[in-house]
Structures are given as structure tokens and as C-alpha cells.
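Step one of this worksheet: look at the structure below.
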Amino acid sequence: MKNVALADVHISLGAKMVPFAGYNMPVQYEGVNAEHEVVRNGVGVFDVSHMGEFLLTGPKALDLIQKVTTNDASTLTIGRAQYSCLPNGKGGIVDDLIVYKMKEEQYLLVVNASNIAKDWDWISSHNDLGVEMRNLSEDYSLLAIQGPKAVEAMQSLTSINLSEIKYYHFEVADFAGIEHVIISATGYTGSGGFEIYCKNSEVKQVWDKVFEAGAIFGIKPIGLAARDTLRLEMGFCLYGNDIDDTTSPIEAGLAWITKFTKEFIDSDFLKKQKEEGVSRKLVAFEMIDRGIPRHDYPILNAEGKVIGKVTSGTMSPSMKISIGMGYVETSHTALDSEIFIEIREKGVKAKVVKLPFFKK
């Protein structure tokens with residue numbers, strides 16, 4: 001089991017530590033609901049240093065990214081980031097990721113912790129273009145400072161104007177007394193804020209200064225459990241739950257990051273799926289009757305026939321209702337369609353709704 005650089009800090013703060021993607025990670029501190037509310041209404045900090053970072057450099061770096069990802073990275077300018085995914089050659093998804101354009105001919109790919117080795121091997125296997133690839137995952141830490149008060153709380157730590165960094169844009173600048181930190185207006189919560197990339201040797205200083213600056217704003221450390229409830233309220237996909245090697249981006253509602261302005265792995269197959277339609281789709285649903293949907297629970301129609309399964313589900317801390325996502329047969333995907341979640345061998349009524357669940 002690997003430790004992130006701040007593992008001892010989390011333990012000293014009373015975090016409940018659990019194994020996650022090969023790392024010992026803080027799942028919660030004072031409780032999921034309380035931490036969730038801190039991020040929705042104020043500002044909280046997640047240590048997500050288990051995430052992977054690959055640096056791709058060279059005249060053909062863009063060509064390689066265009067080949068292995070679904071989104072069109074040619075539209076990126078320096079200082080912009082893009083959500084994308086890696087198709088697996090069989091219609092499924094190797095991983096979802098964020099692509100950052102750092103310089104001309106240099107890109108940073110940020111991938112899920114559980115897929116670091118898999119993604120590295122996959123991209124490397126398609127690198128017949130001489131692109132220099134560096135795996136920085138073991139050397140870098142990542143803090144997600146999230147919530148509506150993040151800009152105000154962190155402004156004293158940098159010389160740049162944080163309010164001017166647009167969503168999915170970033171700056172390389174001074175932060176918390178460290179030079180050349182990536183300050184990215186991205187996150188997985190839907191409540192605004194930043195993700196801060198720095199070296200492992202720098203992250204303790206950054207963490208301490210972040211909490212010092214944020215103290216008057218009620219800043220708190222937040223665990224992975226609240227990260228999951230926050231992302232689900234926004235309808236953001238979680239790899240291993242809502243998307244995996246068996247789900248296509250078209251089925252998963254990710255057609256918006258699947259651009260047929262270029263050729264890429266599976267582009268012909270996915271284009272055909274988009275044009276001809278798919279037999280199942282990922283939907284969002286709210287429970288009408290009482291019950292909490294959980295991963296892998298069967299989804300039924302009114303007659304009790306299995307039409308799909310739940311991929312993510314929880315009791316929403318913000319809305320106080322049970323919500324979930326799951327794949328169902330396309331005939332049951334219309335908004336307000338009545339579906340039933342099998343909970344303890346009983347069909348519990350739910351309805352298909354539009355994302356996000358949580359409206360600001």
C-alpha cells in the first residue's frame with residue numbers, strides 16, 4: 001500500500017484511512033454529510049495526490065493525443081484543459097482523463113489513480129511517433145480546493161487574479177510561496193474552485209498555507225466519500241462505476257467529448273453508434289418511493305423485468321432525496337419515465353430526470 005506525501009497529516013487530523021487504488025487515502029474526517037456541506041457552501045480541501053500525471057513532449061505529442069483520445073485536443077491553446085477519454089479499441093473506455101496544454105508541443109495528461117499503469121501501457125503501445133513520455137505520478141501531489149469561497153480564500157496566496165481563471169483554464173504561477181505551481185480551475189464537485197499541482201516535497205508547505213489563509217473562511221479537510229456524493233449530485237461519471245471497459249462514450253452520455261472531426265481509436269465504431277443509436281444508455285434517476293439505490297442493483301420496468309442496473313447511487317446530502325445513475329434499455333430513457341430499483345427483492349419506484357441533480 002502506497003502513502004501520499006501528506007498521509008501522516010491526515011492521520012493526525014483524525015481521518016479514517018482506507019485502501020483506495022493502491023493508496024492509503026482519507027475517506028472521511030468528521031462525516032460525509034458535514035464535509036459535503038462545507039464544499040457546497042464554503043471551501044474544503046481534498047488530497048487527491050493518488051491521481052496520475054503523464055507529460056507528453058515533442059512535435060508529434062498532439063498527434064499521439066489525437067489518436068488515443070476521443071475529444072479534439074487540436075482546439076486547446078496554452079493554459080487550457082479538456083475533459084476526454086481513452087477508447088479501448090473494442091468500443092469501451094480505458095479511462096477518462098484531463099488533457100492540459102502546457103506549452104507548444106507539451107501536454108500533461110491527468111488520469112485516474114486505479115488506471116495509472118493500464119493507461120501508461122495503453123498510450124505507450126500506440127506511441128509509434130517518437131513522443132517523449134514521462135510518468136510523473138510518483139513525484140507530484142494534487143490538492144483540490146473546492147467550493148464557492150475558494151477564490152476569495154486563496155487569493156492572498158498568489159500574485160495572479162484567481163477570479164480571472166475561467167473554468168477548464170489554468171495558470172502556472174506562484175502559490176503558497178512556491179514557484180511554478182499549476183493552478184487549474186477544474187474539479188469534481190460542481191461548486192467551483194481549483195486543483196493545485198505541486199511536487200511532493202512542496203505539498204506540506206502548500207497545505208499549511210492553504211489552511212492558514214482559509215481559516216477565516218471555515219476551510220476544512222474533505223475525504224473521498226464526500227467527493228463521491230458531490231460528483232454524483234452533478235452527474236459526473238466515476239470510472240469503474242458509470243464508465244469502464246464495457247461502456248462506450250455514446251452509451252455513457254459522453255458524445256459531447258467524442259469528436260468526429262478527426263480519426264482516433266474506435267472512431268468509426270463510435271460514429272456508427274452515434275448515427276444508428278445504442279440499445280442502452282446511462283440515465284439519471286430520483287427515487288420516488290423510499291430506498292437508497294446502490295451500485296449493481298437491478299433496474300426493472302413496471303412488469304418487474306430487468307432492464308438495466310444501477311452504477312452509482314446515494315442519499316443526496318444537498319437535496320435530502322435518494323439519487324442514482326444506471327444503464328437502462330433505450331426505450332426507458334425518456335425524461336420522467338417510471339423505472340423501479342430492486343432493493344431487498346422489491347421494486348422501488350423511481351423516475352428518470354435531467355442532470356445535474358443539484359441545481360445551484
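The values are calculated or read from the model by the stated rules, or taken from the named source; none is laboratory data. Keep in mind that what you see is a predicted model, and the values were worked out from it rather than measured. All Cβ positions, even for glycine, are placed from backbone atoms using ideal geometry, and neighbour counts span all protein chains on display.
Tabulated data for the structure shown
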{"read-out": "Count of segment 202-222 residues which are touching a Cys at 6+ places or on another chain (Cβ under 9 Å) and either without any contact (Cβ under 8 Å) to a residue 24 or more places away in the chain or surrounded by fewer than 19 Cβ atoms within 10 Å (Cβ to Cβ) (or both)", "value": "1"}
{"read-out": "Some residue of segment 138-161 being within 14 Å of residue 55 (Cα to Cα) and exposed (fewer than 13 other Cβ atoms within 10 Å of the Cβ)", "value": "yes"}
{"read-out": "Within segment 298-322, considering residues that are of a type outside the set (S, T, N, Q) and touching a Gly at 6+ places or on another chain (Cβ under 7 Å), the one nearest to residue 234 (Cα to Cα)", "value": "313"}
{"read-out": "Residues that are surrounded by fewer than 22 Cβ atoms within 10 Å (Cβ to Cβ) and touching a strand residue (DSSP E or B) at 6+ places or on another chain (Cβ under 9 Å), drawn from segment 54-63", "value": "54, 55, 57, 58, 62"}
{"read-out": "Scan of segment 187-201 for residues that are surrounded by 20 or more Cβ atoms within 10 Å (Cβ to Cβ) and within 24 Å of residue 159 (Cα to Cα), ordered by number", "value": "187, 191, 193, 194, 195, 196, 197, 198"}
{"read-out": "Filter pass, residue 246 being out of contact with any Asp or Glu (no Cβ under 8 Å at 6 or more places or on another chain), at pLDDT 95 or above and among the polar types (S, T, N, Q)", "value": "yes"}
